[in-house]
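The values are calculated or read from the model by the stated rules, or taken from the named source; none is laboratory data. Given the structure is predicted, the values throughout are model-derived calculations rather than measurements. Heavy atoms of the whole protein, side chains included, go into the accessibility calculation; ligands, DNA and RNA do not. Shrake-Rupley method; radii C 1.70, N 1.55, O 1.52, S 1.80 Å.
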Amino acid sequence: MAANNAKPKESWRTKLGNFEWKASPYIYIAPFFILFLIVGLFPLIYTVVIATRSYNTLTGDAGLAVCGATCNSTTPSWYGNFLWVLHQPAFYVALRNSFSIFLLSSVPQIIIALWLAWILDANLKAKTFWRMGVLLPYVVAPSAAGIIFSQIFSDKMGAINVILQEIGLQPIMWHGSAIWSHLAIATIVNWRWIGYNTLILLAAMQAIPRDVLEAAVVDGAGKWRTFRSITLPMLKPTLIFVIITSTIGGLQIFDEPQLFHNGASSGGGPNNQYLTVSLYLYKLGFVNVTPGQPNLGRAAAVAWLLFLIIVVIALLNFYLTQRMATGGKKGDKKAQRLSAERNEAERQRAIRSGANARAAAGIE
């Protein structure tokens, strides 16, 4: 009896089949994680190490970082490069420029993208054509966009300045003024990224149940009231995504100011009027290279300071977006709890009514 009750021994083919069944999903996704480990995670961790060292592109590692005469300190420490960067006026100029360009680009970008998505969500003729049309600027290479807008915002013979001179106005020195250069660069950013954000928001709008929108129309809500009270709150998760990605991209901006520059130097303007943090990092680590100076360590310190700033701004954006979506009132959580309790009470009432009706009809 004991021999009959024993389980049959699994063959090696069965074991191999079971292993393949369990391991195949991990094997399929392993190439991505291996590639990310090599080209993503390892450089990220190594950047932390370099940020604490007196690392030079030409001479290599010279030990822990030293702030030097800038901080009146010769003591090696892991935060020496960070102190050096925080004592540089150019870093704060670059930070100011980055925030200025970010605000001039991201705020109009999201507003216009929302408006375009709302229009494209309507019953238009040739929908596919218009939706592909708004995405075309995103497909254009940054270098091509730089060439196009260099002809528009040229100080001497740019298209805008030619028009201004034709109507008797003075030309604008786009590259010589901080505010005008920021507006020009923000225009390039908006031109490239509005269509991308429009399609993301459009996809979220199309996921909204149509019966909800139709019920609002039946109740007498106009287009603006329907958009403000129904569409916008249901877009909250997508809006948070778009705002956070715009924040990350806006504060890391490099291509547009680099291509906007038309001089022989590495960019940013003669007085750093459109120098961004990413451009400052690039110049510090790969352009202004002096033997013996920890240029790469200081550039890594700038990268991590920018990372921390982006995290703080992204969390602030998330908090503000959540507050806007809930109306920004302290009693919102209480109101939501009361609404949930009321809905549950109505559900229980409906269940009891159904049970009573079945009992009255003699249905078990």
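Axis angle, to the nearest 10 degrees, between helix 42-51 and the longest C-alpha principal axis of the chain: 40 degrees. Both radii come from the Cα set of segment 9-83: Rg as radius of gyration, Rh as Kirkwood radius; their ratio Rg/Rh reads 1.45.
Note: relative contact order over the chain, using C-alpha pairs below 8 Å and six or more positions apart, is 23 percent.
Based on the Kirkwood radius over alpha-carbon pairs, what is the Stokes-Einstein translational diffusion coefficient of segment 79-196 at 10 °C with 1.306 mPa s viscosity, in µm²/s?
D = 94 µm²/s.
Along its principal axes, the chain has C-alpha extents of 91, 80, 45 angstrom, given from the largest down. Only helices enter the 222 nm calculation for the chain: every DSSP H run of n ≥ 4 contributes -39,500 (n - 2.57), and dividing by all residues gives -21500 deg cm²/dmol, rounded to 500. Note the angle between two axes, namely the Cα long axis of helix 89-120 and the longest principal axis of the Cα atoms of the chain, as a number of degrees from 0 to 90, rounded to the nearest 10. The answer is roughly 40 degrees. Surface composition of the chain: carbon plus sulfur atoms hold 67% of the accessible area, using a 1.4 angstrom probe and ignoring ligands, DNA and RNA. Highest GNM mean-square fluctuation among E344, E256, E214, for the chain modelled with Cα contacts below 10 Å: E344. Note that segment 129-240, at 25 °C in a medium of 0.890 mPa s, gets a Stokes-Einstein diffusion coefficient of 142 µm²/s from its Kirkwood radius over C-alpha pairs. Taking amide H positions as modeled 1.01 Å from N, with prolines and chain starts lacking one, the residues under 5 Å from D61 and 5 or more places away or on another chain are N56.
Taking all protein chains into account, the per residue accessible area for the chain stands at 63 Å² (1.4 Å probe). For segment 1-150, the equivalent ellipsoid derived from the Cα gyration tensor has semi-axes of 50, 40, 15 Å, listed largest first. Phi-derived couplings, Karplus 6.51 cos²θ - 1.76 cosθ + 1.60 at θ = phi - 60°, listed residue by residue for segment 295-302: 5, 6, x, 5, 5, 5, 5, 4 Hz, with x used for Gly and Pro.
Across segment 173-324, the convex hull enclosing all Cα atoms gives 130 Å³ per residue. Rounded to the nearest angstrom and listed largest first, the equivalent-ellipsoid semi-axes of segment 242-306 from its Cα gyration tensor are 22, 17, 7.
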